[in-house]
2 protein chains.
Amino acid sequence: MIFRQLFEKVSSTYTYLIADEVTGEALLIDPVLEETDMYLRLLNELGLTLKVAMDTHTHADHITALGKLREQTGCLSLMGAQAQSACASGQFEDQQIIKIGQLQIKALHTPGHTDDSYSFVLEHQDQTYLFTGDTLLIRGTGRTDFQNGNADDQFNSLFNVLLQLPDNTWVYPGHDYKGWMVSTLHEEKQHNPRLQVSNAMEYRQIMDNLNLANPKMMDVAVPANRACGEVSL
Amino acid sequence: MIFRQLFEKVSSTYTYLIADEVTGEALLIDPVLEETDMYLRLLNELGLTLKVAMDTHTHADHITALGKLREQTGCLSLMGAQAQSACASGQFEDQQIIKIGQLQIKALHTPGHTDDSYSFVLEHQDQTYLFTGDTLLIRGTGRTDFQNGNADDQFNSLFNVLLQLPDNTWVYPGHDYKGWMVSTLHEEKQHNPRLQVSNAMEYRQIMDNLNLANPKMMDVAVPANRACGEVSL
């Protein structure tokens, strides 16, 4: 397996490249529009063919590269079935397997940050890799106050879905604003302040009192991302 | 082994945390002053004791956390023997082994970017990890036009020292400005434009014609770093 984590500085977004070393087939999770040329350069230098680009959810803080990557490489562009995306070339649902060569990535529907939020699980050489989008962040969780977000759903997604995976699972989030790149479920269970609750009501109380401003790019990014990155200004 | 790569956004600096999981002893490579509290938080949350903080070289683009970390944790602060650092609590030389629990990190003197530039090599579970500072960057190399930099020395450090390590060695640089976090020596041999030369003269020609401006922080950072991060403004 070839695995690379990539960082887009403006929105502090992590993008993940996963590829089967044998077949040369590759997948990108949460690619950012402005970085498209860098992805194409890296894919080319590593001798990889992009088969799938997919988003964990409809982002409000950056514009997806899904449309541009599909246009330039002919890859599939996938989003969750709940996304109101008219232009993705395919959808995934809960428990669906996405195959990249011999690698299997399982989609888990983890609503809460948005109703179309998914996490992705990959097992490789006795290690579980979990790509959590904005559902579970390192020492945080994604906000639940817009885009059909719901704190009760997120509590369920966190405690009854993600935290059921093995403790040594690598947690690869959709963002980090403090420069941390990876964590484990064990570490998050112990030190993530949002996970130190005993029921959904306690969790909702935390989330209801965050008083966050809307993301700066929300009014541009959400409509653009529903159109797979086609920006009309 | 516990291993974490951390990112400081302002100067695009990578800091590396390496620890022996059994003894809980930890090492930081190239810590940044402003991030000190984050390092202490992470060390504390992971249950680690900082034994050593060390710099690959005297940085010109950010201020080191070596002094502050030593003050707050009692760790050793190490720099290369060539650094004009009156305050480091110890020095390393070429081929010197730095021990952290059962882990052994070997210092390689790789002058060129500065005369006090070192790279660090760690072997763990059949994998070589190479921390290259500003000597070898992903698809680039550190400039050689100040702080006793020397393109001929850097050519020698790259081709006769670093590129002699196994092809599948992970390259962990001191910076990356495009959001790439790791590479391999194989990949750099093939795709790093600065390594597509056949002798030191060709390399020097490239480096002599870069026409770069001085780093913005140079006048503050270099004296401060010679004093282990004590800033006098």
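The values are calculated or read from the model by the stated rules, or taken from the named source; none is laboratory data. Fair warning: this is a prediction, and the values are worked out from it, not measured in the lab. No Cβ is skipped: glycine too gets one built from the backbone with ideal geometry, and neighbour counts run over all protein chains shown.
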Scanning segment A:164-187 residue by residue, the ones that are within 12 Å of chain B (Cβ to nearest Cβ), acidic (D, E) and over 14 Å from the mean Cα position of the chain (by Cα) total 1
Give segment A:16-40 a look and list any residue that's out of contact with any helix residue (DSSP H, G or I) (no Cβ under 7 Å at 6 or more places or on another chain) and of a type in the set (V, I, T), or say none.
A:I18, A:V22, A:T23, A:I29, A:V32
Buried (at least 18 other Cβ atoms within 10 Å of the Cβ) and touching a helix residue (DSSP H, G or I) at 6+ places or on another chain (Cβ under 6 Å): is that true of B:T114 in this structure?
no
Conditions: (1) free of Cβ contacts under 8 Å to residues at least 60 places away in the same chain; (2) within 22 Å of B:D219 (Cα to Cα). B:T64 meets all but one. Number of the miss?
(1)
Would you confirm whether any residue within segment B:146-154 is surrounded by fewer than 22 Cβ atoms within 10 Å (Cβ to Cβ), free of Cβ contacts under 8 Å to residues at least 12 places away in the same chain and more than 14 Å from the chain's Cα centre (by Cα)?
no
Log entry, pairs with first residue in segment B:1-30 being facing another protein chain (nearest Cβ under 9 Å) and on the phi > 0 side of the Ramachandran plot, second being in a strand (DSSP E or B) and surrounded by fewer than 22 Cβ atoms within 10 Å (Cβ to Cβ), beta carbons closer than 9 Å, six or more apart or on different chains, reads B:S12/B:H175
Failed condition for B:G133, given (1) within 24 Å of A:E45 (Cα to Cα); (2) touching a Lys or Arg at 6+ places or on another chain (Cβ under 9 Å), with all others met?
(2)
Please work out if A:V161 is free of Cβ contacts under 8 Å to residues at least 60 places away in the same chain, closer than 20 Å to A:T58 by Cβ and either more than 14 Å from chain B (Cβ to nearest Cβ) or touching an Asp or Glu at 6+ places or on another chain (Cβ under 8 Å) (or both).
yes
Among the residues of segment A:31-40, the number that are more than 9 Å from every other protein chain (Cβ to nearest Cβ) and either farther than 21 Å from A:M79 by Cα or without any contact (Cβ under 8 Å) to a residue 24 or more places away in the chain (or both) is 1
Count - residues of segment A:179-193 that are buried (at least 17 other Cβ atoms within 10 Å of the Cβ) and farther than 14 Å from B:F3 by Cβ:
5
Out of all the residues in segment A:222-232, is one or more farther than 30 Å from A:E71 by Cα, touching a residue at least 24 places away in the same chain (Cβ under 8 Å) and charged (D, E, K, R)?
no
Within segment A:83-96, can you find the residues that are modelled with pLDDT of 95 or more and buried (at least 16 other Cβ atoms within 10 Å of the Cβ)?
A:Q91, A:F92, A:Q96
Take the conditions closer than 19 Å to A:Y177 by Cα and either more than 14 Å from chain A (Cβ to nearest Cβ) or part of a loop (DSSP other than H, G, I, E, B) (or both) and apply them to B:V52. Does it pass?
no
